[in-house]
Every structure is written in C-alpha cells, then in structure tokens.
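The values are calculated or read from the model by the stated rules, or taken from the named source; none is laboratory data. Since we're looking at a predicted model, the values are computed, not measured. Cβ atoms come from the backbone with ideal geometry, glycine included; neighbour counts cover every protein chain shown.
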Amino acid sequence: MSQQHTRLGTVERDGDTLRLRYERSLAHPPATVWRALTESASLRHWFPADIVGDRIAGAQVQLPFWPEGAQESMEMLDEAGVDTTDMDLNEVLPGLIRAFDPPRLFELVWGNPEGKADVLRFELQPDDGGTRLVFTTWPGEPGPLGHAGTSAGWHACLDSLETLMDTGAAVPVDRHAIQQLREAYATLMAKA
C-alpha cells in the first residue's frame, strides 16, 4: 500500500452531515505552515482557489479558482465521464473567514454561508520542532464525483502542500493516484 493510502483521512457521518478529518506531521514550524495555508503565493501551488480579501475573522472573501487548476479539474472530470457542458470553474465563489488566529486556527466557509457551503478548518499545533496539521472539512453539496471525489481531492491537496513545503516545488497532478484515492474514500464512506 502506498504512503498516501496509509494516511487516509477519517470519515464520519452524523445524520446528513459528513465530516472528513486529515492529519499531517509537517517538518516545519507553525508560522511557516501558517503562511503556506493563508498566503496566495503558496496557495496557488496546492489549494484549488485563491482567497481574495482581508485575512481576519468575520471577513467576507472571494474564492476564484486558479486557472491552471480549473483546467486540470475539467480534464479530470471529462476523463471520468462527467458532463461538464454547464460547469463554470471560472465562477468566483463567496467565502467567509470564521476563525483566523495565527498560527493556530484558520476556518473558512466556502460557498454561500446561508446555503449548504463547505466548512474548512485548519488547526496547527507545535510538534517536536515541526507542526501537527489537522484539517477537518464538513462538505456541503457533493461535487461532480461525489463526496469520495471531494475527499480524494483534499487528500491530494494536503499531499501537495507537504511536498511544496519540503521541496519548494509544486507537484503535478497524478490522475491515477487520485482515482485510487477516490476508490479508497468511497470504501470508507460506505462503512461510515
């Protein structure tokens, strides 16, 4: 089993609410990890969208998808047989920063805060000279590849974040690995 499959997140259900939780031990201090989680120059290499607006609790922000990531996503959806005719990944989604406590806690609502938006929560704790990152998300509506696709996507994002921090280089998308992750998360969700 590959390293990425041994680090699968956990999946929990509470009625209709789904919670995905991922943990990573990063070999960098919390302040460095914080910058990678919140600054556009780093987000571009691992997170699907920029965060445009003030980085403070209570701030309304805009979440435009990175063009290169949007193109890659459309190609992956096409390969998976998803009809992308009416999809617009150039759409800018609203967001709300619910918590911003450097370098410990960052919580973001992605999408309409009044609707079924995704909630993303990043918690950082010092850990033996590095950082223990706990990423928890409560996804709203399933994406085009279902919640398993969303789970695989966040898993791949966190792997990209770790590689970016360790090497300074962005990681190309491994579509085969993402397909394997989707299958692994689909199995976890069936058991949750």
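Structure summary
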| read-out | value |
| --- | --- |
| Criterion (touching a strand residue (DSSP E or B) at 6+ places or on another chain (Cβ under 9 Å) and within 21 Å of Ala117 (Cα to Cα)) met by exactly one of Gly9, Gly15 | Gly9 |
| Qualifying residue in region 120-132 (condition: without any contact (Cβ under 8 Å) to a residue 12 or more places away in the chain and more than 25 Å from Pro29 (Cα to Cα)) | no |
| For Pro103: the one exception among (1) closer than 28 Å to Met189 by Cα; (2) touching a residue at least 60 places away in the same chain (Cβ under 8 Å); (3) assigned to a loop (DSSP other than H, G, I, E, B) | (1) |
| Filter result (touching a Gly at 6+ places or on another chain (Cβ under 8 Å) and modelled with pLDDT under 95) within region 155-179 | Ile178 |
| Members of region 23-44 that are surrounded by 14 or more Cβ atoms within 10 Å (Cβ to Cβ) and polar (S, T, N, Q) | Thr32, Thr38, Ser42 |
| Selected residue [surrounded by 20 or more Cβ atoms within 10 Å (Cβ to Cβ) and over 19 Å from Arg44 (Cα atoms)] from Pro144, Pro139 | Pro139 |
| Filter pass, Thr131 being among the hydroxyl-bearing types (Ser, Thr, Tyr), within 20 Å of Glu23 (Cα to Cα), more than 13 Å from the chain's Cα centre (by Cα) and crowded, with 17+ Cβ neighbours inside 10 Å | yes |
| Residues of region 45-73 satisfying the condition of being out of contact with any Asp or Glu (no Cβ under 8 Å at 6 or more places or on another chain) and either surrounded by 16 or more Cβ atoms within 10 Å (Cβ to Cβ) or aromatic (Phe, Trp, Tyr) (or both) | His45, Trp46, Phe47, Pro48, Ala49, Asp50, Ile51, Gly69, Ala70, Glu72, Ser73 |
| Which listed residue is farther than 14 Å from Leu20 by Cα, surrounded by 17 or more Cβ atoms within 10 Å (Cβ to Cβ) and touching a helix residue (DSSP H, G or I) at 6+ places or on another chain (Cβ under 8 Å), from Leu161, Leu77, Leu108 | Leu161 |
